[in-house]
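So the structure is just underneath, and the comments pick up after that.
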Amino acid sequence: EEMLQLAAKDADRITCPLSEVRLLPPIAAPPKIICLGLNYRDHAAEQNAAIPDEPIIFLKPRTAIVGSHQNIVKPSFVKRLDYEGE
């Protein structure tokens, strides 16, 4: 809140190189994350899947959100970890 007040006073003076900033998740603790699967034709083609007649809806836990360039933890039992972010 303090940064917002400073920025409101003099936006031209409040600058910082991006390399010195740690970007946090865009939403810190959402109550739920609702996702759509195969939501565009190219993605369906990549998966060799038919385009669904109705949306494919799935949920992600809120712990799935990380900030830019933050590490994710791969559980030891996971055999394949997909690089793709939703």
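The values are calculated or read from the model by the stated rules, or taken from the named source; none is laboratory data. This one's a predicted model, so the numbers in the text were calculated from it and none came from an experiment. Please note: Cβ atoms are built from the backbone with ideal geometry, for glycine as well, and neighbour counts cover all protein chains shown.
In table form, for the structure just shown:
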item: Identity of the residue in the stretch 37-65, surrounded by 13 or more Cβ atoms within 10 Å (Cβ to Cβ) and of a type in the set (D, E, K, R), that ends up farthest from residue 24 (Cα to Cα); result: 60
item: Residue list for the stretch 66-85, filter: surrounded by 11 or more Cβ atoms within 10 Å (Cβ to Cβ) and among the aliphatic types (A, V, I, L, M); result: 66
item: Options 84, 54; residue that is part of a loop (DSSP other than H, G, I, E, B), out of contact with any Ser or Thr (no Cβ under 6 Å at 6 or more places or on another chain) and at pLDDT below 85; result: 84
item: All positions within the stretch 1-28 that are in a loop (DSSP other than H, G, I, E, B), hydrophobic (A, V, I, L, M, F, W, C) and under 20 Å from residue 69 (Cβ atoms); result: 16, 21, 23, 24, 27, 28
